[in-house]
Amino acid sequence: MRYRLEYALAWVLIKLVGALPRPLARAAAISIAWIVYFLHGKLRRVGMRNLELAFPEKSRAERKKILHGVFTSLGRHVAEVCLFPRYTRENVSKTVVYEGFENYERALARGKGVLFLTGHLGAWELSAFAHSIYGHPLNVVMRPLDNPYLDRLTRRYRTMHGNKAVDKDFARGLIAAMRNGETVGVLMDTNMIVQQGVFVDFFGHAACTASGVARVALKTDAAVVPGFTIWDPGLQKYRLRFDPGVKLVRTKDREADIIANTQLFTNILEDYIRRYPDQWLWVHRRWKTRPAGEKGLY
């Protein structure tokens, strides 16, 4: 019953917001996000704790301002998802434009596959969606949602223009995609359990991080291309930015290389987050998993 109610609420929200003109849709979704901010004390506490861990030099007022920006960014992002059915090849450039596309083209031309390194920054759902509308569908690694109705709805929206869903734990599928010269998008900025990740430094604290991108890249020689869809207030659009492929660390110690490259990828993510702190998902308990014997941070 709960799953059906959640689905019904999500469906109504998507239809109502999606029926509005784009400026009104964004305003409505941002308003909803702010209501969530005021009502959801746990999210506020987690966000402020994360910002305290990441930016100890900032004042509480500065951290609070960043957190306010996060919910505005989330609301804007929700509006874009609600508007997905209205986007076409002809009108998508009114919302998102490429920057550094030649970096993606160069990586794809190698023929060994591309791992699209990204995180929950800006409009991450719009990244793969817009890329597919522009004619470059890719595989998207995703964890099935607990609510099966919402899971089906989410997958339908993500795959409207040719994208394919890849199970989060389907390592063989990732390797096969690379050997076929395909592109796979991976969000690798969430907390992992010890069995699924390695500890690397993230904002000065050990963070258990998915090592799959490093493992697959080292095994297949796929290109790892950082890509983020960032809101540009000057343009009043999102910029889908691709950076040059990452030069991997390769020694004779495979496990050390996995950790070194996972750290390298995490450094890239941290650099982007520092540049756009109000567009990252600070309300996720990123440092929940701790090294053995270390006290919890939440």
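Observations, loosely collected:
- When residues in the range 16-55 are screened for being over 24 Å from the mean Cα position of the chain (by Cα), farther than 30 Å from Leu297 by Cα and loosely packed, with under 15 Cβ neighbours inside 10 Å, 4 of them pass.
- Taken as a whole, the range 198-216 holds no residue that is under 26 Å from Ala79 (Cβ atoms) and in contact (Cβ under 8 Å) with a residue 60 or more places away in the chain.
- Conditions (1) surrounded by fewer than 16 Cβ atoms within 10 Å (Cβ to Cβ); (2) under 25 Å from Thr289 (Cβ atoms); (3) hydrophobic (A, V, I, L, M, F, W, C): number failed by Val200: (1)
- In the range 18-38, the residues that are of a type in the set (Ser, Thr, Tyr) form Cβ pairs under 6 Å with partners that are surrounded by 12 or more Cβ atoms within 10 Å (Cβ to Cβ), at six or more places apart or across chains, as follows: Tyr37/Phe71.
- Residue in the range 123-130 that is free of Cβ contacts under 8 Å to residues at least 60 places away in the same chain and out of contact with any Asp or Glu (no Cβ under 8 Å at 6 or more places or on another chain) present: yes
- For Ala61: the one exception among (1) part of a helix (DSSP H, G or I); (2) surrounded by fewer than 20 Cβ atoms within 10 Å (Cβ to Cβ); (3) touching a residue at least 12 places away in the same chain (Cβ under 8 Å); (4) not aromatic (Phe, Trp, Tyr): (3)
- Close Cβ contacts (under 9 Å, 6 or more residues apart or on different chains) running from residues in the range 270-285 that are farther than 14 Å from Thr118 by Cα to residues that are among the charged types (D, E, K, R) and surrounded by fewer than 16 Cβ atoms within 10 Å (Cβ to Cβ) comprise Asp278/Lys65; Val283/Lys42.
- Restricting attention to the range 159-185 and to residues that are within 15 Å of the chain's Cα centre (by Cα) and at pLDDT 90 or above, the residue that is farthest from Gly119 (Cα to Cα) turns out to be Val184.
- Here is the figure for the range 208-224: residues that are in contact with an Asp or Glu (Cβ under 9 Å, 6 or more places away or on another chain), surrounded by 24 or more Cβ atoms within 10 Å (Cβ to Cβ) and aliphatic (A, V, I, L, M) total 1.
- Count of the range 75-127 residues which are assigned to a strand (DSSP E or B), of a type in the set (Val, Ile, Thr) and surrounded by fewer than 21 Cβ atoms within 10 Å (Cβ to Cβ): 1
- The residue that is farthest from the chain's Cα centre (by Cα), counting only those in the range 261-298 that are of a type outside the set (Phe, Trp, Tyr), closer than 23 Å to Tyr37 by Cβ and in a loop (DSSP other than H, G, I, E, B), is Leu297.
- Of the numbered criteria (1) buried (at least 20 other Cβ atoms within 10 Å of the Cβ); (2) assigned to a helix (DSSP H, G or I); (3) among the β-branched types (Val, Ile, Thr), the one Thr154 fails is (1).
- Val12, sole failed condition from (1) among the hydrophobic types (A, V, I, L, M, F, W, C); (2) part of a helix (DSSP H, G or I); (3) closer than 28 Å to Pro226 by Cα: (3)
- Per the conditions (1) within 19 Å of the chain's Cα centre (by Cα); (2) crowded, with 19+ Cβ neighbours inside 10 Å, the sole criterion not satisfied by Ile258 is (1).
- Inside the range 66-90, residues that are over 17 Å from Gly122 (Cβ atoms) and touching a residue at least 12 places away in the same chain (Cβ under 8 Å) make up a count of 4.
- Long-range neighbours under 6 Å by Cβ, at least six apart or interchain, first residue within 22 Å of Glu80 (Cα to Cα) within the range 91-107, second crowded, with 18+ Cβ neighbours inside 10 Å and among the hydroxyl-bearing types (Ser, Thr, Tyr): Val96/Tyr238
- Checked against (1) in contact with a Lys or Arg (Cβ under 6 Å, 6 or more places away or on another chain); (2) within 20 Å of Leu218 (Cα to Cα), Ile133 passes all but a single condition, namely (2).
- Within the range 26-58, the only residue that satisfies the criterion of being of a type in the set (Asp, Glu) and either at pLDDT below 95 or part of a helix (DSSP H, G or I) (or both) is Glu52.
The values are calculated or read from the model by the stated rules, or taken from the named source; none is laboratory data. Model, not experiment: these values are computed from the prediction. FYI the Cβ positions are ideal-geometry reconstructions off the backbone, even for glycines, and counts take in every protein chain you see.
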